[in-house]
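Undergrad: Handing you a structure now.
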Amino acid sequence: MRGNPCDWKMFDMRRLAWSGVLLGLFGMGCGDSSASGNGGAGGVGGGTGGEGVELCDGHATSGETSFTRRSSEWGLDGVVGGRVMSGDLNADGYPDLVVHGFAPNVREVKGSEVRRVFVLMNEASGSGRTFVDRTYDSGFAVPTDGSTTELKASHFAVLGDVDNDGDLDVFSGTYSDVPAPEETPADLDRSEIYLNNGDGTFTLKANSGVAFDKPRRTSSATFTDVDRDGILDLFVGVHYSATGSLQVPALFLGNGDGTFVDATTSWGVKSEKRATFGVTSCDLDDNGYPELLMSAYARGPNVLYTLTESGFVDQGEASGYAFDENQDFSDNQFFRCWCTANEADPKCADVPPPSTNCPSPPGANWGGAGDEKPARLGGNTFSTVCSDIDGDGKLDLYDAAITHWWAGGSSDVSTLLVNQSTGPNNFAFVRPNRTEIGLDVPRVGGSWNEGGIVAAVADLNGDARNDIFLGTSDYPDQFGWIFSQSSEGTFSENGESLGLHHPCAVGTTMADFDRDGDIDVVVASGTARDCAEIWETNEVHLYENQTPTSGSWLAIQLDGGEAADVNRAAVGARVSVEAGGVTQLQEFNSGYGHFGLQNDSLLHFRLGDCAAAASIEVVWPDASRSRSRFEKVQGGRMVRITKGADAVVDLTAPNP
């Protein structure tokens, strides 16, 4: 599709007709090309009850969970960077790592001591696994000017199969700051697409269409198929400009060959300007088409774009995602400072004196009427995670946000947003009392800070309930916090007791790096502000999960196959797994959040003490929402599900 989605003359007929998109949006014309089988090699033996139903407990665990730091064993000594992501780059069944540093407008000189980009392949080493630095051999971050001695300025990466050839390609995001008086090659670097050659090496896609003409502070990106035509598109977030002005995001429609067309304005995305620090895509109303989320800094409203007949429309405020209900700024210390010089103003009646030293003049840090609007009473949101956290079959949200004691209760905090949407384009999110459900972020002293920057959701302790990892940084007493979910749906923070209490956790990625059936965690260390007293560099560490697994897990790789109507990586597919009376839903998505968070290329499910999943259902991300269903699929292994196939394929990783 090209141009305005309602301009029928702009169609490219090899893409999905817009009429088909609308039919899908409003629930019409949704055929069901289901596949059904017994899982092929996944047929179950063992004890069953009744009509072949296995008697087991889908929430059962077989031992205590703990994490052990094994960074050296995994070859991470000397690896530094604040942004980490994972995915299987060379298609060998094991997730690899990509690590980036922070510095804008600077290139890495090959062979120098200062490293800014790492491509780390997960390779066999004796009886285990280790990460091997293949950065320079990989071809990733090769500059457009053809330099063979430098890597381009690159600050994060997200993965997606943009040419539908069965391997993961890379969007390399570049955060461009104020150029030097005489522009350097690094000042001219832009975001680019690198196509995978099938073996974890990459080729720069010239003129891919994702490079902004002028330097922009690109902060985040997510691949998704917005029109469900079987080709991945790209949504890109942008922070403030170098001069401090607000910026619009960008929506690029994929052509299927690694090139893209800018559809930002024609599809309605240009209407909202934010200081965006993270973007996320997922199908929140379960109508088959993804929403596009913008996590806004500077206490601006978060944005929730949903697709309508006239393009994307922001439903952030109407849905409850934009900001919370607390708009009372009377406890903001800088508002109170302002009141010391404006005592006669009716808003200052009965306002207590400030508890901080006021600037000069007293109102310097308060914008008056501008700071009293809801548009300035949201949060400093860095990342939004989309996942079915409460297990009710709807995708919820979790925001990671920075807030400070002096900002008062109107400043939004890191918290859960429970999805109570009731149908297509009818979004509703509620924020449970954080204290009551156990999601309070620990605060130390009266001058506390919450440095929420990154977050991830996964079942870390193997009980088939999702837990939340929140990475906080930059201020005193900031750690990686693990909120484990209980059977009552409440949470308790136990990162320290689990062995994953990482100070100043500024970046994270989660994957089963050793393919033993549980989720391991990689954390990058922050060095900004007070965190510089803890870490000299942005050390990257791996925490191995020691949860007993036996046969009670299943890892699923999705493949759109040769079907032209589904993107090959199946981004946007929904997978429901039922075992022991417990149904778990996961949607497979691309990058999200602050500077390209991305996790394993497989979806992981724990099965309790069940030997098998009673059923697996996949809803494919095509316009008709076609389905595949398999029954009695043996656990304790990795499997591939391909659209149109009548059996799962065993992918269990061999011993190293």
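The values are calculated or read from the model by the stated rules, or taken from the named source; none is laboratory data. This one's a predicted model, so the numbers in the text were calculated from it and none came from an experiment. Glycine also receives a Cβ, built like all others from the backbone with ideal geometry; neighbour counts cover every protein chain displayed. Remember, those area values only see protein heavy atoms, side chains included, never the ligands or the DNA or RNA. Shrake-Rupley method; radii C 1.70, N 1.55, O 1.52, S 1.80 Å.
Undergrad: Might you let me know whether region 486-498 holds any residue that is hydroxyl-bearing (Ser, Thr, Tyr), in contact with a His (Cβ under 8 Å, 6 or more places away or on another chain), in a loop (DSSP other than H, G, I, E, B) and closer than 15 Å to Asp467 by Cβ? Reasoning before the result, please.
TA: In the first step, residues of region 486-498 are kept if they are hydroxyl-bearing (Ser, Thr, Tyr); the result is 486-487, 490, 492, 497.
Right, trim to in contact with a His (Cβ under 8 Å, 6 or more places away or on another chain) and you get 487.
After this cut, where a residue has to be in a loop (DSSP other than H, G, I, E, B) as well, the list is 487.
Now restrict to residues that are closer than 15 Å to Asp467 by Cβ: 487.
Looking through region 486-498, at least one residue is hydroxyl-bearing (Ser, Thr, Tyr), in contact with a His (Cβ under 8 Å, 6 or more places away or on another chain), in a loop (DSSP other than H, G, I, E, B) and closer than 15 Å to Asp467 by Cβ.
Undergrad: Looking at Ser172, Ser154, Ser147, which is the one that is surrounded by fewer than 22 Cβ atoms within 10 Å (Cβ to Cβ), of a type outside the set (D, E, K, R) and without any contact (Cβ under 8 Å) to a residue 60 or more places away in the chain?
TA: The match here is Ser147.
Undergrad: To continue, here is another question. How many residues are in contact with a Lys or Arg (Cβ under 9 Å, 6 or more places away or on another chain) and either over 30 Å from His239 (Cβ atoms) or among the acidic types (Asp, Glu) (or both) if we restrict to region 583-601?
TA: Of region 583-601, the ones in contact with a Lys or Arg (Cβ under 9 Å, 6 or more places away or on another chain) are 584-588, 594-597.
From what is left, the residues that are either over 30 Å from His239 (Cβ atoms) or among the acidic types (Asp, Glu) (or both) are 584-585, 587.
Of the residues in that region, 3 qualify.
Undergrad: All but one of (1) open to solvent by 30 Å² or more (accessible area, probe 1.4 Å); (2) more than 30 Å from Ala221 (Cβ to Cβ) hold for Ala375, so report the exception by its number.
TA: Going through (1) open to solvent by 30 Å² or more (accessible area, probe 1.4 Å); (2) more than 30 Å from Ala221 (Cβ to Cβ) one by one, Ala375 breaks only (2).
Undergrad: Got at least one residue in region 314-336 being without any contact (Cβ under 8 Å) to a residue 24 or more places away in the chain, of a type outside the set (S, T, N, Q), crowded, with 21+ Cβ neighbours inside 10 Å and within 15 Å of Gly268 (Cα to Cα)?
TA: yes
Undergrad: Give me the residue from region 346-385 that is among the basic types (Lys, Arg) and in a helix (DSSP H, G or I) and, out of that set, nearest to Tyr321 (Cα to Cα). Don't jump to the end; show me each part of the working.
TA: Residues of region 346-385 among the basic types (Lys, Arg): 347, 373, 376.
Next cut, in a helix (DSSP H, G or I) only: 347, 376.
Details: Lys347: 27, Arg376: 14 Å.
Looking at the filtered set, the residue picked out is Arg376.
Undergrad: Across region 511-528, what is the total count of residues that are open to solvent by 10 Å² or more (accessible area, probe 1.4 Å) and either under 21 Å from Ser127 (Cβ atoms) or of a type in the set (A, V, I, L, M, F, W, C) (or both)? Even if it seems obvious, please write down each step before you answer.
TA: Of the residues in region 511-528, the ones open to solvent by 10 Å² or more (accessible area, probe 1.4 Å) are 514-516, 519, 527-528.
From the residues that got through so far, the ones that are either under 21 Å from Ser127 (Cβ atoms) or of a type in the set (A, V, I, L, M, F, W, C) (or both) too are 514-516, 519, 528.
Residues flagged as open to solvent by 10 Å² or more (accessible area, probe 1.4 Å) and either under 21 Å from Ser127 (Cβ atoms) or of a type in the set (A, V, I, L, M, F, W, C) (or both) within region 511-528 amount to 5.
Undergrad: Taking the stated definitions as given, is Phe131 in contact with a His (Cβ under 8 Å, 6 or more places away or on another chain), on the phi < 0 side of the Ramachandran plot and either open to solvent by 40 Å² or more (accessible area, probe 1.4 Å) or not in a loop (DSSP other than H, G, I, E, B) (or both)? Explain how you work it out, then say what you get.
TA: Working: in contact with a His (Cβ under 8 Å, 6 or more places away or on another chain): no; on the phi < 0 side of the Ramachandran plot: yes; either open to solvent by 40 Å² or more (accessible area, probe 1.4 Å) or not in a loop (DSSP other than H, G, I, E, B) (or both): yes.
No, not satisfied.
Undergrad: Here is a follow-up. Provide a single number: the residues in region 431-445 that are within 24 Å of Ala318 (Cα to Cα) and outside any loop (DSSP other than H, G, I, E, B). Please lay out each step first, then the result.
TA: Here is the first cut: in region 431-445, the ones within 24 Å of Ala318 (Cα to Cα) are 431-434.
Imposing the further condition that a residue be outside any loop (DSSP other than H, G, I, E, B) reduces the set to 434.
Going through region 431-445 one residue at a time, the tally reaches 1.
Undergrad: Still on this model: Filter region 203-235 down to residues that are surrounded by fewer than 24 Cβ atoms within 10 Å (Cβ to Cβ) and of a type in the set (A, V, I, L, M, F, W, C), then give me how many there are.
TA: Of the residues in region 203-235, 4 are surrounded by fewer than 24 Cβ atoms within 10 Å (Cβ to Cβ) and of a type in the set (A, V, I, L, M, F, W, C).
Undergrad: Take the residues of region 624-656 that are open to solvent by 20 Å² or more (accessible area, probe 1.4 Å) and aliphatic (A, V, I, L, M): which is nearest to Ala570 (Cα to Cα)? Step through it out loud before you land on a result.
TA: Residues of region 624-656 that are open to solvent by 20 Å² or more (accessible area, probe 1.4 Å), as a first pass: 624-625, 627, 629, 631-632, 634, 636, 640, 642-647, 649-656.
Subset that is aliphatic (A, V, I, L, M): 645, 647, 649, 651, 653.
Values: Ala645: 14, Ala647: 17, Val649: 16, Leu651: 17, Ala653: 21 Å.
Per the stated criteria, the residue is Ala645.
Undergrad: I'd like the residue in region 552-567 that is part of a loop (DSSP other than H, G, I, E, B) and out of contact with any Leu (no Cβ under 8 Å at 6 or more places or on another chain) and, out of all such residues, is most open to solvent (accessible area, probe 1.4 Å). Working first, answer last.
TA: So the first thing to find is which residues in region 552-567 are part of a loop (DSSP other than H, G, I, E, B), and the list is 552, 560-567.
Okay, now just the ones that are also out of contact with any Leu (no Cβ under 8 Å at 6 or more places or on another chain), so 560-564, 566.
Details: Gly560: 0, Gly561: 14, Glu562: 161, Ala563: 32, Ala564: 87, Val566: 2 Å².
Among those residues, the one meeting the criterion is Glu562.
Undergrad: With the requirement that a residue be more than 18 Å from Lys373 (Cβ to Cβ), touching a strand residue (DSSP E or B) at 6+ places or on another chain (Cβ under 8 Å) and of a type in the set (S, T, N, Q), what does region 292-338 give you?
TA: Ser295, Thr306, Gln315, Ser319
Undergrad: Inspect region 529-540 for any residue being in contact with a Gly (Cβ under 8 Å, 6 or more places away or on another chain), under 30 Å from Phe605 (Cβ atoms), in contact (Cβ under 8 Å) with a residue 60 or more places away in the chain and open to solvent by less than 40 Å² (accessible area, probe 1.4 Å) and give the result as yes or no. Give the derivation first.
TA: Filtering region 529-540 for residues in contact with a Gly (Cβ under 8 Å, 6 or more places away or on another chain) gives 535, 538, 540.
Checking which are under 30 Å from Phe605 (Cβ atoms) leaves us with 540.
Cutting the leftovers down to in contact (Cβ under 8 Å) with a residue 60 or more places away in the chain gives us 540.
Subsequent filtering for residues that are open to solvent by less than 40 Å² (accessible area, probe 1.4 Å) retains 540.
Yes; the residues of region 529-540 include at least one that is in contact with a Gly (Cβ under 8 Å, 6 or more places away or on another chain), under 30 Å from Phe605 (Cβ atoms), in contact (Cβ under 8 Å) with a residue 60 or more places away in the chain and open to solvent by less than 40 Å² (accessible area, probe 1.4 Å).
Undergrad: Taking Gln485, is it buried (at least 22 other Cβ atoms within 10 Å of the Cβ), over 30 Å from Asn357 (Cα atoms) and not small (Gly, Ala, Ser)? Spell out the reasoning first.
TA: Working: buried (at least 22 other Cβ atoms within 10 Å of the Cβ): yes; over 30 Å from Asn357 (Cα atoms): yes; not small (Gly, Ala, Ser): yes.
Here the answer is yes, as Gln485 does meet what is asked.
Undergrad: May I ask you to say which residue of Ala41, Ala35 is open to solvent by less than 20 Å² (accessible area, probe 1.4 Å) and either modelled with pLDDT under 50 or closer than 30 Å to Gly254 by Cα (or both)?
TA: On the way: Ala41 fails: open to solvent by less than 20 Å² (accessible area, probe 1.4 Å).
After applying the criteria, what remains is Ala35.
Undergrad: Suppose we keep only residues that are open to solvent by 40 Å² or more (accessible area, probe 1.4 Å), touching a residue at least 24 places away in the same chain (Cβ under 8 Å) and assigned to a loop (DSSP other than H, G, I, E, B) within region 181-196. Which one would you say is farthest from Thr144 (Cα to Cα)?
TA: Start the filter on region 181-196 by keeping residues that are open to solvent by 40 Å² or more (accessible area, probe 1.4 Å), which leaves 181-185, 188.
Next, from what is left, pick out any that are touching a residue at least 24 places away in the same chain (Cβ under 8 Å): 184-185, 188.
Filter once more, keeping what is assigned to a loop (DSSP other than H, G, I, E, B): 184-185.
On the way: Thr184: 13, Pro185: 10 Å.
Among residues in region 181-196 that are open to solvent by 40 Å² or more (accessible area, probe 1.4 Å), touching a residue at least 24 places away in the same chain (Cβ under 8 Å) and assigned to a loop (DSSP other than H, G, I, E, B), the one farthest from Thr144 (Cα to Cα) is Thr184.
Undergrad: From the residues in region 456-492 that are among the charged types (D, E, K, R) and in contact with a Ser or Thr (Cβ under 8 Å, 6 or more places away or on another chain), which one is farthest from His155 (Cα to Cα)?
TA: Keep residues of region 456-492 that are among the charged types (D, E, K, R), which gives 459, 463, 465, 467, 474, 477, 488.
Pick out the ones that are also in contact with a Ser or Thr (Cβ under 8 Å, 6 or more places away or on another chain) and you get 463, 465, 467.
On the way: Asp463: 36, Arg465: 33, Asp467: 28 Å.
Restricting to residues being among the charged types (D, E, K, R) and in contact with a Ser or Thr (Cβ under 8 Å, 6 or more places away or on another chain), the top hit is Asp463.
Undergrad: Select from region 398-426 the residues that are closer than 19 Å to Phe479 by Cα, buried (at least 20 other Cβ atoms within 10 Å of the Cβ) and among the hydrophobic types (A, V, I, L, M, F, W, C) and list them in ascending order.
TA: Scanning region 398-426 gives Ala400, Ala401, Ile402, Val413, Leu416.
Yes/no per residue for (1) within 40 Å of the chain's Cα centre (by Cα); (2) at pLDDT below 95; (3) within 30 Å of Phe469 (Cβ to Cβ):
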| site | (1), (2), (3) |
| --- | --- |
| Trp338 | yes, no, no |
| Ala369 | yes, yes, no |
| Lys373 | yes, yes, no |
| Thr384 | yes, no, yes |
| Ser387 | yes, no, yes |
| Asp390 | yes, no, yes |
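Undergrad: For the condition out of contact with any helix residue (DSSP H, G or I) (no Cβ under 6 Å at 6 or more places or on another chain) and either of a type in the set (A, V, I, L, M) or over 23 Å from Thr508 (Cα atoms) (or both), what is the one hit in Gly591, Gly580? Lay out the reasoning, then the answer.
TA: Numbers: Gly591 fails: either of a type in the set (A, V, I, L, M) or over 23 Å from Thr508 (Cα atoms) (or both).
None of the others qualify; the one that does is Gly580.
Undergrad: Only one of (1) part of a strand (DSSP E or B); (2) over 20 Å from the mean Cα position of the chain (by Cα) is not met by Ser410, so which one is it?
TA: Evaluating Ser410 over (1) part of a strand (DSSP E or B); (2) over 20 Å from the mean Cα position of the chain (by Cα) leaves (1) as the failure.
Undergrad: Look at region 266-296 and say how many of its residues are open to solvent by 10 Å² or more (accessible area, probe 1.4 Å), closer than 29 Å to Asn365 by Cα and at pLDDT 95 or above.
TA: Qualifying residue count for the region: 1.
Undergrad: Look through Asn466, Asn433 and report the one residue that is open to solvent by 30 Å² or more (accessible area, probe 1.4 Å), polar (S, T, N, Q) and within 19 Å of the chain's Cα centre (by Cα). Talk me through it step by step, then tell me what you get.
TA: Numbers: Asn433 fails: within 19 Å of the chain's Cα centre (by Cα).
Going through Asn466, Asn433 in turn, just one is open to solvent by 30 Å² or more (accessible area, probe 1.4 Å), polar (S, T, N, Q) and within 19 Å of the chain's Cα centre (by Cα): Asn466.
Undergrad: Inside region 114-128, can you point out the residues that are open to solvent by 10 Å² or more (accessible area, probe 1.4 Å), in contact with a Pro (Cβ under 8 Å, 6 or more places away or on another chain) and on the phi < 0 side of the Ramachandran plot?
TA: Listed by number, the residues that qualify are Ala124, Ser125, Ser127, Gly128.
Undergrad: Is it true that some residue in region 346-355 is open to solvent by 20 Å² or more (accessible area, probe 1.4 Å), on the phi > 0 side of the Ramachandran plot and among the acidic types (Asp, Glu)? Let's see the steps before the verdict.
TA: At the first step, the residues of region 346-355 found to be open to solvent by 20 Å² or more (accessible area, probe 1.4 Å) are 346-347, 349-355.
Now restrict to residues that are on the phi > 0 side of the Ramachandran plot: 350.
Now drop any that are not among the acidic types (Asp, Glu), which leaves 350.
Yes, region 346-355 contains at least one residue that is open to solvent by 20 Å² or more (accessible area, probe 1.4 Å), on the phi > 0 side of the Ramachandran plot and among the acidic types (Asp, Glu).
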